[in-house]
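Please read the structure below before turning to the comments.
Every number here is computed from the coordinates shown, using simple stated rules; none is lab data. Bear in mind that the values here come from a model prediction, so they are computed numbers and not experimental data. Cβ atoms come from the backbone with ideal geometry, glycine included; neighbour counts cover every protein chain shown.
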């Protein structure tokens with residue numbers, strides 16, 4: 001399986017997991033000139049922008065830590081663009097990270113709610 005397919009598989013597993021937790025899908029793979037948001041979902045009234053990461057090895061800090069400050073800034077800009085395009089700039093929102101780590105990459109994800117803020 002190539003990297004793109006591994007990423008798509010991780011996104012599908014993350015979405016399935018989050019739906020089981022009560023979140024509702026809104027959009028998948030929303031792109032802007034700044035980057036892409038893997039999943040956008042609703043958690044009650046809150047709009048959740050979700051970055052999905054998978055790492056087979058925890059070298060360099062693992063999946064969750066790979067969402068560094070530069071990646072966070074790109075996600076924030078892309079989310080702001082989404083909010084403007086969909087006329088929901090007043091919507092409460094947060095940024096979550098779903099991480100599939102190490103040998104457990106095929107198993108349950110680790111869900112970091114409200115992983116970073118604007």
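For this structure, a couple of remarks:
- Convex hull volume of the C-alpha atoms in the stretch 13-54, normalised per residue: 67 Å³.
- Neighbour-count order for 78, 89, fewest beta carbons within 10 angstrom listed first: 89, 78
- In the stretch 3-116, inverting the average of 1/r over every pair of distinct C-alpha atoms gives 14.2 Å as the Kirkwood radius.
- Counting neighbouring Cβ atoms within 10 Å and putting the fewest first, the residues 93, 88 line up as 88, 93.
- Residue order, fewest to most surrounding Cβ atoms within 10 angstrom, among 39, 73, 47: 73, 47, 39
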